[in-house]
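**Q** Let me begin by handing over the structure; questions about it come next.
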Amino acid sequence: LTGKAVARLSIAAAEETGRAAERIELFGSIYERVIRTQHLYQEATGRGQRVIAPVTNREDAIGLLEVLLPAEPGDDILDAVGEAAHVLAYIVIANQRFTDLYT
């Protein structure tokens, strides 16, 4: 999160566009809704099921985890995505001393 936008950090996105990060306006987007509600979002797309989870540390949103799944996930998979987002928050916070990539 960069205040007014989401910077999508993805190796796949970099390979497709030639850019390291894609900037997506936050306000009025589904990303803003996920951050505001702190709930997972799921939708079917032409490429699979998109799931977006808030990455939070002590209820402060520090980012989003977006995954594309090949089929509609069950509750166990959604729980795993939510847990992965929670763990990712710890990884980002712990690595702030060593890299400014996320900043």
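**Q** In whole Hz, what ³J(HN,Hα) sequence does the range 70-80 give by Karplus (6.51, -1.76, 1.60; θ = phi - 60°), x for Gly and Pro?
**A** Computed from phi, the couplings for the range 70-80 are x, 9, 4, x, x, 4, 5, 5, 4, 4, 5 Hz.
**Q** Now for a separate question. To the nearest 10 square angstrom, what accessible area does Tyr90 show with a 1.4 Å probe?
**A** 130 Å²
**Q** Which cross-chain or sequence-distant (5 or more) residues have an amide H under 5 Å from the amide H of Ile62, H modelled 1.01 Å from N in plane?
**A** Val55, Thr56, Asn57
**Q** Asp79 to Ala7: FRET efficiency via 1/(1 + (r/R0)^6), r the Cβ-Cβ distance, R0 30 Å, to the nearest 0.05? Walk me through the numbers before you get to the answer.
**A** Details: r = 27 Å, r/R0 = 0.89.
So the FRET efficiency works out to roughly 0.65.
**Q** Once phi is turned into θ = phi - 60°, what whole-Hz ³J(HN,Hα) does the Karplus curve with 6.51, -1.76 and 1.60 give for every residue of the range 42-51, x standing for Gly and Pro?
**A** Listing the rounded values in order: 9, 8, 7, 10, x, 10, x, 8, 8, 10 Hz.
**Q** Let me ask something else. For the range 39-88, with every protein chain kept in place, what is the accessible area per residue (1.4 Å probe, Å²)?
**A** Numbers: 3070 Å² over 50 residues.
That works out to 61 Å² for each residue.
**Q** Continuing with the same structure: What are the ³J(HN,Hα) couplings of the range 83-92, residue after residue, when phi is run through the Karplus curve with 6.51, -1.76, 1.60 and θ = phi - 60°? Round to Hz, x for glycine and proline.
**A** So the Karplus estimates, Gly and Pro as x, are 5, 4, 5, 5, 5, 4, 4, 5, 5, 4 Hz.
The values are calculated or read from the model by the stated rules, or taken from the named source; none is laboratory data. Because the structure is predicted, anything quoted here is derived from the model rather than measured. Reconstructed Cβ throughout: ideal geometry from the backbone, glycine too, with neighbour counts over all protein chains shown. Each accessible area value is taken on the protein alone, full model and side chains, heavy atoms only, with ligands, DNA and RNA left out. Shrake-Rupley method; radii C 1.70, N 1.55, O 1.52, S 1.80 Å.
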